[in-house]
Amino acid sequence: MAPGKDKKAPAIPRPSASVLLVSPNNQVLLLQRVKQSSAFPSAHVFPGGNVSASHDGELPSPDSPGRHVDNAVYRMAAVRETFEESGILLARNNGFGRLIEVPEAEREEGRRLVHDNKVPFAKWLAQKGGRADVEGLIPFTRWVTPTNVPKRFTTQMYLYFLPTLNSTPITEGSQDDDEAEVRIPVPTTDGGLEHTTARFLPASVWLRLAQEGRIILFPPQFFLLHQVAQHFDNLPSPTAYGSISREPIPREELEARRKRLQEFVATGEPPWTEKCISPTVQAPRDGKKREDGRVVLGLNRPGPELEAAKMGRKGVAEQCVLVEFKKDGPRKLAVVSREEAIGSSASAKL
């Protein structure tokens, strides 16, 4: 840096929310972003986006620690963005409390009106007799973009479980259960404004597609899908993503796997509901670069804003992500233990 020039301050993280939306048969929704996107171009991402004060409410100021805490504003943003981006309404009927059903033409009109800021999301929902199901969202980590990236976010991640059905297809219901009678719309794109595809697949399938180079996943999405796969996909080993069964799973087992994931999310110190992660590149202990070109992303730090606030927020100390950053996006991702990742450059073939 030239003498007399101040180092440029890092960008202020933009508040955003994102949802790991779980289908009735325990698959996860991912959307593929358009190539022209200013954030995560061409990548597969969870539905989500920036908080909008006019739709979701006001957050604390950028210098407030409360800006990085789960609250009703982030939850409303998560429900709204999921609707805008996939057409799926995470909302309850005001009368019976079950998931609201809105005819397709009205849903599509609502997506346009809300996206174009022509009607507040909560008002549109109320006109349809519903309310956002903010209570159904389960916090599942917060991610703060590192300071070396020009566009930064503080993103609250959530899990949301659509009701399980007796039959596997997501558009079919059961006459035995009031909740299961709800018809879940097949996810659709936003018409190419931000996304080109919208699809539910098992977490392990998404991970395998990324490792084969067929899709782009960024480290947060890859890491969280890895955690979900451990509980949903009955893997013979943690990273055996290609070994899942294609046999239909009974409803009781689907529910049991959901329960295991919910119990897992509540564990840890802090629990996964409160973990805050700002990925940082870690150097091997011997100082040598990895032979495979990948870097190690440590996940234990919460980011400078939270560290400065001394809130005691922490990330994940036991695991790291290996990744090679290419021009077209992250490649060769893997989740490994911290000891495996930074113990020595000799572990380069992990």
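The values are calculated or read from the model by the stated rules, or taken from the named source; none is laboratory data. None of these values were measured; they are calculated from a predicted model. For neighbour counting, all protein chains shown are included, and Cβ atoms are generated from backbone atoms with ideal geometry for every residue, glycine included. Just so you know, the surface numbers come from the protein's heavy atoms only, side chains and all, with ligands and any DNA or RNA stripped out. Shrake-Rupley method; radii C 1.70, N 1.55, O 1.52, S 1.80 Å.
Among the candidates 298, 293, which residue alone is touching a strand residue (DSSP E or B) at 6+ places or on another chain (Cβ under 6 Å), open to solvent by less than 50 Å² (accessible area, probe 1.4 Å) and modelled with pLDDT of 95 or more? Give the steps one after another, and end with the answer.
Details: 293 fails: modelled with pLDDT of 95 or more.
Answer to the check: 298.
For the subset of segment 328-349 comprising residues that are outside any strand (DSSP E or B) and in contact with a strand residue (DSSP E or B) (Cβ under 6 Å, 6 or more places away or on another chain), which member is modelled with the lowest pLDDT?
By that ranking, first place goes to 342.
For segment 121-145, give me the residue count where each residue is open to solvent by 10 Å² or more (accessible area, probe 1.4 Å), farther than 29 Å from residue 266 by Cα and part of a helix (DSSP H, G or I).
Total satisfying the criteria: 4.
Would you mind listing the helices (runs of 4 or more DSSP H) fully within segment 195-280 where at least 2 residues are open to solvent by 60 Å² or more (accessible area, probe 1.4 Å) and touching a residue at least 40 places away in the same chain (Cβ under 8 Å)?
In segment 195-280, the matching helices (runs of 4 or more DSSP H) lie at 251-265.
Quick one: in segment 79-91, which of the residues that are assigned to a helix (DSSP H, G or I), touching a helix residue (DSSP H, G or I) at 6+ places or on another chain (Cβ under 8 Å) and open to solvent by less than 10 Å² (accessible area, probe 1.4 Å) is nearest to residue 33 (Cα to Cα)?
The first filter runs over segment 79-91 and keeps only residues assigned to a helix (DSSP H, G or I), leaving 79-86.
Add one more test, that the residue is touching a helix residue (DSSP H, G or I) at 6+ places or on another chain (Cβ under 8 Å), and what stays is 79-80, 83-84.
Remaining after also requiring open to solvent by less than 10 Å² (accessible area, probe 1.4 Å): 79-80, 83.
Values: 79: 19, 80: 18, 83: 16 Å.
By that ranking, first place goes to 83.
Keeping to segment 50-76, report how many residues are in a helix (DSSP H, G or I), touching a residue at least 24 places away in the same chain (Cβ under 8 Å) and farther than 25 Å from residue 307 by Cα.
Here the count works out to 4.
Looking only at segment 29-60, filter to residues that are modelled with pLDDT of 95 or more and open to solvent by 50 Å² or more (accessible area, probe 1.4 Å); which one of those is nearest to the chain's Cα centre (by Cα)?
50
Out of the residues in segment 97-141 that are of a type in the set (Gly, Ala, Ser) and in contact (Cβ under 8 Å) with a residue 40 or more places away in the chain, which is farthest from residue 87 (Cα to Cα)?
Checked segment 97-141; the qualifying residue farthest from residue 87 (Cα to Cα) is 136.
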